[in-house]
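One structure is given here, and the rest of the page talks about it.
The values are calculated or read from the model by the stated rules, or taken from the named source; none is laboratory data. For clarity, every value in this text was computed on a predicted model and none was experimentally measured. Positions of Cβ are generated from backbone atoms using ideal geometry, with glycine treated the same way; all protein chains shown enter the neighbour counts.
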Protein chains: 2
Amino acid sequence: MRNLKLIVTYDGTDYGGWQTQANAPTIQATLEKAFQTITCEKRVHCVGSGRTDAGVHALGQAVNAFTATPLELPTLLKAINSQLPADIAVLSIEEVRHSFCAIKDAIKKRYRYVIDDSRIPDPFLRRTAWQPQKPLDAAAMHRAAQCLKGRHDFRSFETNWPNRLSSIRTMFDITVTRHDATLRIEVEADGFLYNMVRSIVGTLYQVGRGYWPEAKVNDVLEAMDRREAGPTAPPQGLFMLYVTYA
Amino acid sequence: MRNLKLIVTYDGTDYGGWQTQANAPTIQATLEKAFQTITCEKRVHCVGSGRTDAGVHALGQAVNAFTATPLELPTLLKAINSQLPADIAVLSIEEVRHSFCAIKDAIKKRYRYVIDDSRIPDPFLRRTAWQPQKPLDAAAMHRAAQCLKGRHDFRSFETNWPNRLSSIRTMFDITVTRHDATLRIEVEADGFLYNMVRSIVGTLYQVGRGYWPEAKVNDVLEAMDRREAGPTAPPQGLFMLYVTYA
């Protein structure tokens, strides 16, 4: 068997998230079906670096898949893409060591959240940005966010804590920048809790619209109570950017 | 009655074009319905500067509408937008002289056509770009296009000629430029024939992919025969940018 590492991009609008489930089309199931059609194998299990939720997008989701196909990689890449719908594309395929696991070997991940804060939402951004129709102060949001850098217990930003053994994570980078009519909130950490990016965004949003002072973000972090944080921002603004491996 | 000039943007993907028709939702019918809901008038006729075809988008379609509503313009703008679906937005409303007509008073229009020429089409561009999966030579396309500048009979680029009294138009500007993974073909003229932008794009595409020499574009123009030009490029790459009035 060969172990293949894929970089996958998708518009998650019309999917029930990454992980295969009974009631909705998912990215994983669609990708596995494309693989199975090409390789004629009964099951090609595709392991994603992390589950993305319903409606969340990816520019560089990392995936590994075991297959016995003898196809050369450029041929396989073309063949898989020919079987995928237009809202999912495999950008690259490489062969990796047998022990490589897209989940366990990830050392950091970077996400972007896009907000179109114009009073009149841009129709072309409705699937790929949150459009709250409130002008936001990006500089204030950036300053307020800096207290989240470093190693902290992020349970205030986890939906239905506890989901994991520990809610301690290390945030390597968090930035809020304006790009024309949109804000980009980018976060990079050694791992993320359930809804962590979206609840951080909902918290910074309260600062950006002037409801909360900048210092409140640190109070939320220290409270270790999800009820202190802002709302969970909607999924359509969230993009998994890339995953870093050792 | 007040005569209002609107600037409207729309994602045309899910519409049968600008003009009201029996069998498909259209931009005009959707806009008129929003107006009628707000003003309680029986019919508010919205005149667009030009019809856009099914699947074609607009960043700045100009429209004029007669209404007796006493609402102030900022209030009317908010109210109309609150009634429109997320894929249509009115960007501005101003009151204009009674004799203003969005069609007749237009002196030039600018369109953009977007091509994603990457081998692996970007899922996020599938609704807003043509994705032929052929790398194109933008510089060759730009050079080849320059012969179209000026006053010419463009019937070689008109579907089902003749649709109008004359197929002579003046092209003020035509450029092909690369922006990351996409090409933008922008054209500005005193008017456009039916499918003119899309058949110019289909012709330049033959040059860009190396099928036709650059000089062939002038041969096509001089032939005055639609069969000499390239294919009509698909609608999803086309954007009406803006209309200029005297």
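One table, with the values for the structure above:
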read-out	value
Qualifying residue in segment A:12-29 (condition: under 21 Å from B:R119 (Cα atoms), within 13 Å of chain B (Cβ to nearest Cβ), surrounded by fewer than 19 Cβ atoms within 10 Å (Cβ to Cβ) and in contact (Cβ under 8 Å) with a residue 40 or more places away in the chain)	no
Residue in segment A:160-179 that is surrounded by fewer than 18 Cβ atoms within 10 Å (Cβ to Cβ) and within 14 Å of chain B (Cβ to nearest Cβ) present	yes
Unmet requirement for A:D219, which otherwise passes all of (1) in contact (Cβ under 8 Å) with a residue 12 or more places away in the chain; (2) touching a helix residue (DSSP H, G or I) at 6+ places or on another chain (Cβ under 8 Å)	(1)
Residues located in segment A:113-154, provided they are crowded, with 21+ Cβ neighbours inside 10 Å, aromatic (F, W, Y) and either within 14 Å of chain B (Cβ to nearest Cβ) or not in a loop (DSSP other than H, G, I, E, B) (or both)	A:Y113, A:W130
Evaluation of A:R110 against (1) within 20 Å of the chain's Cα centre (by Cα); (2) basic (K, R); (3) surrounded by fewer than 16 Cβ atoms within 10 Å (Cβ to Cβ) (one fails), failing number	(3)
Among (1) assigned to a loop (DSSP other than H, G, I, E, B); (2) at pLDDT 95 or above; (3) within 26 Å of B:I103 (Cβ to Cβ); (4) not hydrophobic (A, V, I, L, M, F, W, C) - the single one B:G210 does not satisfy	(3)
Some residue of segment B:173-183 being under 11 Å from the mean Cα position of the chain (by Cα) and assigned to a loop (DSSP other than H, G, I, E, B)	no
Lone unmet requirement of (1) touching a residue at least 40 places away in the same chain (Cβ under 8 Å); (2) closer than 24 Å to A:G55 by Cα; (3) crowded, with 17+ Cβ neighbours inside 10 Å; (4) touching a strand residue (DSSP E or B) at 6+ places or on another chain (Cβ under 6 Å) for A:D190	(3)
Residues of segment B:30-66 that turn out to be hydroxyl-bearing (S, T, Y), crowded, with 20+ Cβ neighbours inside 10 Å and more than 19 Å from B:K104 (Cβ to Cβ), as a count	0
Check on B:V187, of a type in the set (V, I, T) and part of a strand (DSSP E or B)	yes
Of all residues in segment A:1-11 being part of a strand (DSSP E or B) and away from chain B (no Cβ under 14 Å), the one that is surrounded by the most Cβ atoms within 10 Å (Cβ to Cβ)	A:L4
Enumerated strands (runs of 3 or more DSSP E) restricted to segment A:21-111, each holding at least 2 residues that are more than 30 Å from A:I174 (Cβ to Cβ)	A:57-67, A:88-96
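Residue-by-condition table, conditions (1) within 14 Å of chain B (Cβ to nearest Cβ); (2) out of contact with any Phe, Trp or Tyr (no Cβ under 8 Å at 6 or more places or on another chain):
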position: A:G50; (1), (2): no, no
position: A:H57; (1), (2): yes, no
position: A:N64; (1), (2): no, no
position: A:L73; (1), (2): yes, yes
position: A:I80; (1), (2): yes, no
position: A:P85; (1), (2): yes, yes
position: A:L91; (1), (2): yes, yes
